[in-house]
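Peer 1: I'd like to ask you about the structure that follows.
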Amino acid sequence: MKTIVIGAGLGGLLSAARLSQAGYQVEVFERLPLTGGRFTNINFRGFQLSTGALHMLPHGPAGPLAQFLKEVKADVIIVRADRPTIRLPLKKHHPDYRHGFKDIAFSEFTKPLSHKDRLKIALLVVSTRKNRPTGSSLQTWIRTQFKDEWLVKFADSFCGWSLSLKSDKVRVEEIFEIIESMYRFGGPGVPIGGCKAVIDALEAVIFANGGRIHTRAEVSQILVENGRATGVVVGNETYRADLVISNLGHAATACLCSEALKEKIYADYIRMLKTLQPSAGIKICLAADEPLIGYSGVLLTPYAKRVNGINEVTHVDPKLAPPGKHLTMSHQYVAPENVKSLENEIDSGLNDLKEIFPGRKYEVLLIQSYHDNWPVNRAASGTDPGNETPISNLYVVGDGAKGKGGIEVEGVALGVAAAMKKIIG
Ligand SMILES: Cc1cc2nc3c(=O)[nH]c(=O)nc-3n(C[C@H](O)[C@H](O)[C@H](O)COP(=O)(O)OP(=O)(O)OC[C@H]3O[C@@H](n4cnc5c(N)ncnc54)[C@H](O)[C@@H]3O)c2cc1C
């Protein structure tokens, strides 16, 4: 079966690897000069910065992405990071006051609460196993259960870091799926070599199975005949295919076959596309001679004005920075209404970092912002419409088609696995 994959991001390459392994004749078209999309490295003065992701897989060596990589025989070493922590500010008279803060383990997130609220959480952990809360945002659900604003702050920091959303934009059922995945697969890990190691390994599988990848090859149209995808147009060339996989999310995919989708029978799908909201964010990359965090786990920062969390991946893979240096990266959610004032958001993020690392020496290497057509997520977690499109033999993969409960690239892997099940069986 001749298959065309549009886009060589993680979703496109996972699909191409799996299909080429199953004997499909695969050709990938990527508009950029490099592959990997928002999941590859940019070498800057020996620092392995990235086009998007913070070199972290949310569920490390046991998660859905790691499992998928194993299944397609993509050779990547993924090392579990230290456990996540939460930074709490301390009052001046506190006995532990030295730097003005204290880092507690993620599992101790109830520590700042009263005994009564802690007991209530322990009971909720048991009762929600059988009766999952549904139908509201996480923030609304927390506020109906607790008066203490700490839990909202903590939830915002967690959702901002892992989904680039505020807790009022995340459905409570989605967060419970995510918590279950955390129990099942464990916490984050770092691929040795960073994001690019995953991309390189997938490309090796595709090439070994006879697949082809073209860069600087933008698809301008998806050909549709009698409700069925039959190929794509790249430059002046037409490429025919039995199956088309798009790595662009539903909205951008629909733009490539907009003529075909004008028919009335597709009206519901077009209406649904208008409800999809990409999530925006800012990443700040720092270089330091001395570690700023001191461990490889994520540091959540619920008391910062904008920054949601920070990681320091060089504790797992020192080669992600030049010898003797550390690479530290912060992430912050950007609300849709603030996308127009990104400079202010960046200044607030930089000020946060000064407060989080008081008196510490570091250099800002790179600041990247993500929104609209190059977002953190093409559809807010828990809202995407799955892999299928109303055009037969046209599937969507990637972060616009993740499925439930999958954080970031774990969701991308789950979505690709679901699509492959439909296609290959
Ligand atoms: C700041 C930031 C931090 C993140 N941190 C993490 C993290 O630590 N851990 C994690 O798991 N996830 C993280 N993510 C999310 C992760 O990067 C994405 O989920 C993932 O990379 C999405 O991959 P994709 O294949 O869906 O899309 P993309 O990477 O966007 O791939 C789509 C590809 O299609 C190409 N393309 C578009 N249009 C065309 C066309 N017409 N013709 C041909 N090619 C086309 C694009 O150039 C691109 O290469 C982060 C994202 C950001 C932005």
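Peer 1: Quick check on segment 1-10: of everything there that is in a loop (DSSP other than H, G, I, E, B) and under 20 Å from the mean Cα position of the chain (by Cα), which residue is nearest to the ligand (Cβ to nearest atom)?
Peer 2: Here the answer is 7.
Peer 1: A further question follows. Would you check which residues across segment 176-196 are in contact with a Ser or Thr (Cβ under 8 Å, 6 or more places away or on another chain) and more than 14 Å from the ligand (Cβ to nearest atom) and list them? Break it down into steps so the answer makes sense when it comes.
Peer 2: At the first step, the residues of segment 176-196 found to be in contact with a Ser or Thr (Cβ under 8 Å, 6 or more places away or on another chain) are 176, 178, 190, 194-196.
176, the sole residue that qualifies.
Peer 1: Every residue in segment 63-80 that is among the aliphatic types (A, V, I, L, M), touching a Leu at 6+ places or on another chain (Cβ under 8 Å) and more than 9 Å from the ligand (Cβ to nearest atom), please.
Peer 2: Taking segment 63-80 first, the residues among the aliphatic types (A, V, I, L, M) are 65-66, 69, 72, 74, 76-79.
Checking which are touching a Leu at 6+ places or on another chain (Cβ under 8 Å) leaves us with 65-66, 69, 72, 74, 76, 78.
Passing the criteria: 66, 69, 72, 74, 76, 78.
Peer 1: Taking the conditions exactly as written (surrounded by 15 or more Cβ atoms within 10 Å (Cβ to Cβ), over 21 Å from residue 371 (Cβ atoms), in contact with a helix residue (DSSP H, G or I) (Cβ under 8 Å, 6 or more places away or on another chain) and not charged (D, E, K, R)), does residue 233 satisfy them or not?
Peer 2: The answer is no for residue 233.
Peer 1: Evaluate segment 148-171: report whether one residue or more is in contact (Cβ under 8 Å) with a residue 60 or more places away in the chain, surrounded by fewer than 19 Cβ atoms within 10 Å (Cβ to Cβ) and in a strand (DSSP E or B).
Peer 2: No: segment 148-171 contains no residue that is in contact (Cβ under 8 Å) with a residue 60 or more places away in the chain, surrounded by fewer than 19 Cβ atoms within 10 Å (Cβ to Cβ) and in a strand (DSSP E or B).
Peer 1: Filter segment 406-425 for residues that are among the hydrophobic types (A, V, I, L, M, F, W, C) and either outside any helix (DSSP H, G or I) or under 15 Å from residue 181 (Cα atoms) (or both) and give the result.
Peer 2: Result: 407, 409, 412, 413, 414, 424.
Peer 1: For residues that are touching a Pro at 6+ places or on another chain (Cβ under 8 Å), more than 25 Å from residue 386 (Cα to Cα) and near the ligand (Cβ under 8 Å from one of its atoms), tally how many sit in segment 11-62.
Peer 2: Total satisfying the criteria: 1.
Peer 1: Could you check, for segment 360-370, whether at least one of its residues is part of a helix (DSSP H, G or I), under 19 Å from residue 160 (Cα atoms) and within 14 Å of the ligand (Cβ to nearest atom)?
Peer 2: No, segment 360-370 contains no residue that is part of a helix (DSSP H, G or I), under 19 Å from residue 160 (Cα atoms) and within 14 Å of the ligand (Cβ to nearest atom).
Computed from the coordinates by the stated procedures, all read-outs in this text should not be read as laboratory data. Given the structure is predicted, the values throughout are model-derived calculations rather than measurements. Every residue, glycine as well, gets a Cβ built from its backbone with ideal geometry; the counts of neighbours run over all protein chains shown.
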